[in-house]
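The values are calculated or read from the model by the stated rules, or taken from the named source; none is laboratory data. What you see is a predicted model, and the numbers here were worked out from it, not measured in a lab. Cβ placement follows ideal geometry from the backbone for every residue including glycine, while neighbour counts extend to all protein chains displayed.
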Amino acid sequence: MPIMKTVFFTLSVLLSALTTVNAQTKQTTLTGKLVMKTGEVFPYKLVFTDSGNVIKGYSLTYNESDETKTAIRGAIDRQMRTLLFKEKDIIYSHSVQTKAYMCLVNASLEYVQDGNGKALRGPITSREADNTSCTPGEIIFNDDKELQNLFSYHEQFDTVISMKKKVKEPAPVATEPTAQETLEQEKVTAGVEKLYEWHSDTVILDIWDGGTVDGDHVTIQFNGKPVLSNYSLVKEKKQLRLPIVGKELNTLMIVADNEGLDPPNTASLILTDGATKYSILAYNNKGNASLIKIKRVK
């Protein structure tokens, strides 16, 4: 086989293998304990898969013969090393004698140093549908191997091979406020739109999750065309440069593709018009959208 054909064949096989590996969904298991305010301690396990920063799976409470299995949904931030999740529905349950009033768990966990080393731990808060308070407690996961796997396994698969020549991109425009800027945040939701007069020929948009990263996804449309689809909001800002071409009135729409772990869907934005910046919070229920109108002026 000629050398050139051999090289392309080898690259094709390698790219195919990498695509297969990246397509795999890894299952994660965390084993720990549920410590209740009553002083009782119960075994607690999470089993889930994740896509982006959204996790789905189930929890197991109590010992195996008496366990309760519950569907969970949540969000993981590997950079901040946090895990948020809610128990949504009971799959099956057994009767267990306990002094605690047990409800579906709503947990916010952080990877911290404690007396026994590193642990993923945090408080649980829960209420019944009628707002009846449930016994508070804490979830603790401290299996070092499981935690290392949780926060580092994606690095094994994040390999990208590019056959294209790299093109130098323009440096992103700084979005930090200066002393001359007034960035009072304005809130925009379905039925409440904003209109801005615009002087430059480009809309520079920065978008991120300014609160707790909980798996919110958004789609952004500019003049009716999607420029960012089903994007998972994270702490880091994502910047878009949207040129205004021959239109006096332009529309920017932020669509809520879901509501994440903590409804509603919320997105923080900064719109930059030359030296002027506008701070916006777009919040909506799933399927709704925030509408921003941009009027070009001379």
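With (1) among the basic types (Lys, Arg); (2) within 23 Å of Val297 (Cβ to Cβ); (3) surrounded by 12 or more Cβ atoms within 10 Å (Cβ to Cβ) as the list, and Lys247 as the residue in question, which single condition is left unmet?
Going through the list (1) among the basic types (Lys, Arg); (2) within 23 Å of Val297 (Cβ to Cβ); (3) surrounded by 12 or more Cβ atoms within 10 Å (Cβ to Cβ), Lys247 breaks only (3).
Tyr101: in contact with a Cys (Cβ under 6 Å, 6 or more places away or on another chain) and surrounded by 13 or more Cβ atoms within 10 Å (Cβ to Cβ), yes or no?
Criteria met by Tyr101.
Just to check your reading of the model, which residue among Glu236, Glu197 is within 22 Å of Gly74 (Cβ to Cβ) and surrounded by fewer than 15 Cβ atoms within 10 Å (Cβ to Cβ)? Even if it seems obvious, please write down each step before you answer.
On the way: Glu197 fails: within 22 Å of Gly74 (Cβ to Cβ).
Going through Glu236, Glu197 in turn, just one is within 22 Å of Gly74 (Cβ to Cβ) and surrounded by fewer than 15 Cβ atoms within 10 Å (Cβ to Cβ): Glu236.
What residue, of Val213, Val192, is surrounded by 17 or more Cβ atoms within 10 Å (Cβ to Cβ) and modelled with pLDDT under 95?
Val213
Does Ile55 fit the bill of being more than 16 Å from Ser232 (Cβ to Cβ), in contact (Cβ under 8 Å) with a residue 24 or more places away in the chain, among the hydrophobic types (A, V, I, L, M, F, W, C) and not assigned by TED's automatic domain parsing to the domain that holds Gly260?
Details: more than 16 Å from Ser232 (Cβ to Cβ): no; in contact (Cβ under 8 Å) with a residue 24 or more places away in the chain: yes; among the hydrophobic types (A, V, I, L, M, F, W, C): yes; not assigned by TED's automatic domain parsing to the domain that holds Gly260: yes.
Here the answer is no, as Ile55 does not meet what is asked.
Give the residues of region 74-98 that are within 25 Å of Lys37 (Cβ to Cβ) and buried (at least 17 other Cβ atoms within 10 Å of the Cβ), sorted by residue number.
Matches in region 74-98: Gly74, Thr82, Leu83, Leu84, Phe85, Lys86, Glu87.
With the structure loaded, tell me whether Tyr111 is among the aromatic types (Phe, Trp, Tyr), part of a loop (DSSP other than H, G, I, E, B) and in contact (Cβ under 8 Å) with a residue 12 or more places away in the chain or whether it fails that test.
no
Tell me, please, whether a residue that is at pLDDT 85 or above and among the basic types (Lys, Arg) can be found in region 166-173.
The answer is no, given that none of the residues of region 166-173 is at pLDDT 85 or above and among the basic types (Lys, Arg).
Output the residues belonging to region 228-255 that are of a type in the set (A, V, I, L, M) and over 13 Å from Ile207 (Cβ atoms).
Ile244, Val245, Leu249
Got at least one residue in region 126-139 being in the same structural domain as Gly32 (by TED's automatic domain parsing), modelled with pLDDT under 90 and crowded, with 17+ Cβ neighbours inside 10 Å?
yes
Tell me, please, whether a residue that is farther than 22 Å from Gly210 by Cα and free of Cβ contacts under 8 Å to residues at least 24 places away in the same chain can be found in region 72-80.
Within region 72-80, none of the residues are farther than 22 Å from Gly210 by Cα and free of Cβ contacts under 8 Å to residues at least 24 places away in the same chain.
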